[in-house]
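Peer 1: Input: one structure, supplied below.
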Amino acid sequence: MRRKLFDRAQQRAATLWALVAPPTVWALHFLLCYVYAAVRCAKAGPLQPLDDVRIVVAVATLVALGLVAATGYIAWAQERLEGGTAPHDESTREDRHRFLAAAKLLLAALSFVAIVYTAIPAFMFPDCR
């Protein structure tokens with residue numbers, strides 16, 4: 001099962017859409033968390049606890065981290081194609097594929113950290129103040 005999943009991830013086409021997927025997930029997570037908290041606190045008042053905001057942020061964070069981890073796994077599998085080691089600077093199709101995979105993997109790691117940092121304030125503050 002694990003080998004089959006790894007082989008399927010390696011065979012996926014390398015596109016620029018996959019390159020922008022992790023930062024897009026992070027941006028949508030950021031927007032959802034901060035807009036929901038702002039609207040909720042504006043309606044409820046500054047002394048209301050953030051309990052429901054924490055639940056929404058936690059669920060959104062888990063979904064976003066899962067999506068980014070999936071894109072990172074696909075990039076990691078594609079970067080492990082046989083026959084080449086870094087740096088991937090030759091003008092061949094395989095090196096371009098490996099370079100895009102390495103870039104996708106780094107963007108997925110950066111987006112993973114950014115999503116975690118976006119969620120931290122919801123769990124640190126007790127109320128809307």
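The values are calculated or read from the model by the stated rules, or taken from the named source; none is laboratory data. No experiment lies behind these values; they were computed from the predicted model shown. Every residue, glycine as well, gets a Cβ built from its backbone with ideal geometry; the counts of neighbours run over all protein chains shown. All accessible areas refer to the heavy atoms of the entire protein, side chains included, with ligands and DNA or RNA removed. Shrake-Rupley method; radii C 1.70, N 1.55, O 1.52, S 1.80 Å.
Peer 1: For the chain, modelled as a Gaussian network with Cα springs under 10 Å, which listed residue fluctuates most, Val57, Val113, Val68?
Peer 2: Of Val57, Val113, Val68, the Gaussian network model singles out Val113 as fluctuating most.
Peer 1: Expressed as an acute angle from 0 to 90° and rounded to the nearest 10, what is the orientation of the C-alpha long axis of helix 93-124 relative to the principal long axis of the chain?
Peer 2: 10
Peer 1: Separate question: Report the Cys residues of the chain lacking a disulfide-compatible partner, meaning no second Cys Cβ under 4.7 Å from their Cβ.
Peer 2: Here Cys33 come out as lacking a disulfide-compatible partner, given the Cβ-Cβ threshold of under 4.7 Å.
Peer 1: May I ask for log10 I(q)/I(0) of the chain at q = 0.14 Å⁻¹, from a Debye sum over the Cα atoms as equal point scatterers with solvent left out?
Peer 2: Result of the Debye calculation: -0.67.
Peer 1: Here's something else I'd like to know. Between Val116 and Ala44, what length in nm is gained on full extension when 0.36 nm per residue of separation is reduced by their alpha carbon distance? Don't jump to the answer; show the numbers that get you there.
Peer 2: Working: separation 72, 0.36 × 72 = 25.92 nm, distance 2.57 nm.
Fully extending the segment from Val116 to Ala44 adds 23.3 nm.
Peer 1: Leaving ligands, DNA and RNA out of it, report the carbon-plus-sulfur percent of the accessible area of the chain at a 1.4 Å probe. Intermediate values should be presented prior to the final figure.
Peer 2: Details: 6000 of 8630 Å².
In the chain, the share of accessible area belonging to carbon and sulfur is 70 percent.
Peer 1: Under a point spin-label approximation (7 Å from Cα along Cα-to-Cβ), what is the Val20-Tyr34 distance to one decimal in nm?
Peer 2: 2.0
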